[in-house]
Amino acid sequence: MSLGACGDDYFEPATKHGDDSPNALLIFSDSTRADYLRAYNPDAPTKTPNLDALSRDSLTFSLSVPEAMPTGPARRALLTGVRSFPFRNYVPTKGLPVGPGWIPIPDYQPIFTEVMGEAGIETAYCTDNPFLIGPRFANFRRTLDDVKPSYSQGAYRFLNKPFKRPATRSAIERYLMPELSDSVEVGRLRSMVGWNSIYRDRESQYPTARVVRSGINLVDDLKKKRPFFLGVDAFDPHEPLDAPQAFQLAAGKPKGIEVTKGIIPIQPFETPYSWAVKVDADDETVQRVRELYTAEINFLDVWIGRLMNEMADQNLLDETVIVYMSDHGLTLGEHGLLGKHAARAQWHIYHVPAMIRHPEGKLAGQTSDFFASTHDVSRTLLGFMGVRAPGLMNGEDLSVLFDGKEPAQSRPHFTSCYDDHVLAGDADWFLLADSEGRRKRLYDRRHDPRELHDVAAEHPEIVNRLWRVLEDEAGGTLPQFGASAPKAVIGG
């Protein structure tokens, strides 16, 4: 027995990947609205030739909805393949924002990069997401063969490595909305401007450029260790909306408060949201905010193009599956709101881009009406690579679509949650309600795609049907949260 034990190789993979396994590239961006990509909206104000080209080469999902939002819960579902909906296990956690959904990855949940590593797949991840590179997601980083954290999001350094050389108050006045003068945004802008003044002199030093360039630099090494997984996870176009000046000017001329008071509205709300009227953002200022957001997406697209060019130069496109998705959108003046508000988590928040490029070109240029979601990514990537997914992963393996099959479980509707609100919908209807069901709003997506008119009173049967869907997917009941911070679970 002793001799047998000595013969065991502790480092042998616990499972195996497929013999003809492709590589996998995951591109993930934050706060990206589907309607700001021309692949989804031909009239989009952005210029996204690289993402449009990726869509033409991919199966594009016409209505992808993250199963939980915002950033933290969405990343947890992405990495584990396990649903966070309906936040029943929320416990306030030091080092993370206060509110339902903000917890780290529990020890008992799988992480797809760990599963890949056990199957002998080389894994690498590049990100500037302030939560993923912070202490609460260290268990994820430990699963990787190579991790490239970027601490370039100066406004959010307090979540990982606090920045100790903030700018003076006077240095941020050109970015600070007067109504936010006594808000938390003062400290965030001081940290951002301080960091930028030292470490950001040119376009290649902006956060998106740093993250994507890290991925580009890894490609040459990873191609020698095939099959590999590479994740490129950019925190932008998250606010502050401070793309390089050339991109800001290309998106539109200064207007609104930028002309009247010389303030560039890169942070036009107090996190997580503000009513436009409360921050004195007139129509021209709101339009300028939209242009600054456009500039962020255009800059992101340029760098995604450079990453795709590197993959092509290394002759890897024909042996790599590519998945692109986002975690949520951003409200840019719709309903008089700027930012992200759970009670207004409508199409501009829940509708995100999602596409899968098959290395053999299968289903290129086609669209799917399957409600793809963040928790599908893990099982899908493992499916492509021929690795058996852990049973706890409850997303769908979308790789089967490329073999002419349907996912194991049909998905005639989508469900999601944001803070203490829940969402449900299908091709025709959308329901948004607080988790206790005190206020339920229903929108007819066919005749009111902008979701402006609540028709719950006219269609109680649809409201009841979608509410039952929410309860069923939550296990029979929905959790109840406290009315004030930290909004802990108090029932359900």
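Descriptive notes on the structure:
- Exposed-loop-free span, longest in the chain, where chymotrypsin sites (Phe, Trp or Tyr not before Pro) count as exposed if DSSP calls them loop and at most 11 other C-beta atoms lie within 10 Å: 109-492
- Shown here: the range 117-241, whose C-alpha atoms stretch 54, 30, 22 Å along the first, second and third principal axes, sorted largest to smallest.
- Carbon + sulfur, % of accessible area of the range 188-335 - ligands and nucleic acids excluded, 1.4 Å: 45 percent
- Tail beyond 14 Å, pair distance distribution of the range 408-458 (Cα, percent): 54 percent
- Percent accessible area from carbon and sulfur atoms, the range 36-130, protein chains only, probe 1.4 Å: 51 percent
- For the pair Lys94 and Phe158 in one chain, pulling the backbone fully straight at 0.36 nm per residue adds 21.8 nm over the alpha carbon distance.
- Taking every protein chain into account, the accessible area of the range 9-74 amounts to 40 square angstrom per residue (probe 1.4 Å).
- Neighbours of Val279, meaning other residues whose beta-carbon lies under 11 angstrom from its beta-carbon, give a summed charge of -4 when Lys and Arg score +1 and Asp and Glu score -1.
- Spatially proximal lysines relative to Lys253 (Cα-Cα < 28 Å; intrachain offsets below 8 disregarded): Lys47, Lys261, Lys278, Lys340
- Take the range 366-413 with all the other protein chains still there, run a 1.4 Å probe, and you get 45 Å² of accessible area per residue.
- Its Cα gyration tensor gives the range 231-301 an equivalent ellipsoid, and the semi-axes of that ellipsoid, as √(5λ) in whole Å with the largest first, are 21, 16, 8.
- Among complete DSSP H helices in the chain, those whose alpha-carbon atoms stretch at least 27 Å along the helix's long axis and whose mean Kyte-Doolittle hydropathy reaches -1.0 are 283-313.
- Cα point-scatterer Debye curve for the range 288-424, base-10 log of I(q)/I(0) at q = 0.22 Å⁻¹: -1.36
- Whether the range 50-143 is rounded, prolate or oblate, judged on the alpha carbon gyration tensor where a/c under 1.5 counts as rounded: oblate
- For the range 179-248, Kirkwood radius (reciprocal of mean inverse C-alpha pair distance, Å): 14.5 Å
- Relative contact order computed over the range 370-492 (Cα-Cα under 8 Å; 6+ residues apart), in percent: 14 percent
- For the range 356-472, the normalised intensity computed at q = 0.20, 0.21 Å⁻¹ comes to -1.06, -1.12 (log10 of I(q)/I(0), Debye sum over alpha carbons, equal scatterers, no solvent).
- Average Cα contact separation per residue, the chain, under 8 Å, 6 or more apart, as relative contact order %: 25 percent
- Highest to lowest packing among 457-463, 389-395, scored as the average C-beta count within 10 Å: 389-395, 457-463
- Percent of Cα pairs in the range 218-259 per distance bin of 10 Å, from zero to the largest separation: 20, 30, 19, 19, 10, 2.
- Among beta bridges from DSSP that stay inside the chain, the antiparallel ones total about 55%.
- Convex hull of the range 93-168 built on C-alpha atoms - directionally averaged projected area, nm²: 6.1 nm²
- Over the range 328-381, equivalent-ellipsoid semi-axes from the Cα gyration tensor in Å: 30, 12, 9
- Asp30 sits among other residues whose Cβ lies under 13 Å from its own Cβ, and their net charge, with Lys and Arg +1 and Asp and Glu -1, is -3.
- In summary, the chain shows an alpha-carbon radius of gyration equal to 0.96 times the 2.2 N^0.38 Å reference for compact globular proteins.
- Annotation: per residue accessible area for the range 199-276 equals 41 Å², rounded to a whole number [probe 1.4 Å, protein chains only].
The values are calculated or read from the model by the stated rules, or taken from the named source; none is laboratory data. These figures come from a predicted structure and were not determined experimentally. Cβ coordinates were reconstructed from backbone atoms using ideal geometry, including for glycine residues, and neighbour counts include every protein chain displayed. Areas reflect the complete protein model, heavy atoms only, side chains present, ligands, DNA and RNA absent. Shrake-Rupley method; radii C 1.70, N 1.55, O 1.52, S 1.80 Å.
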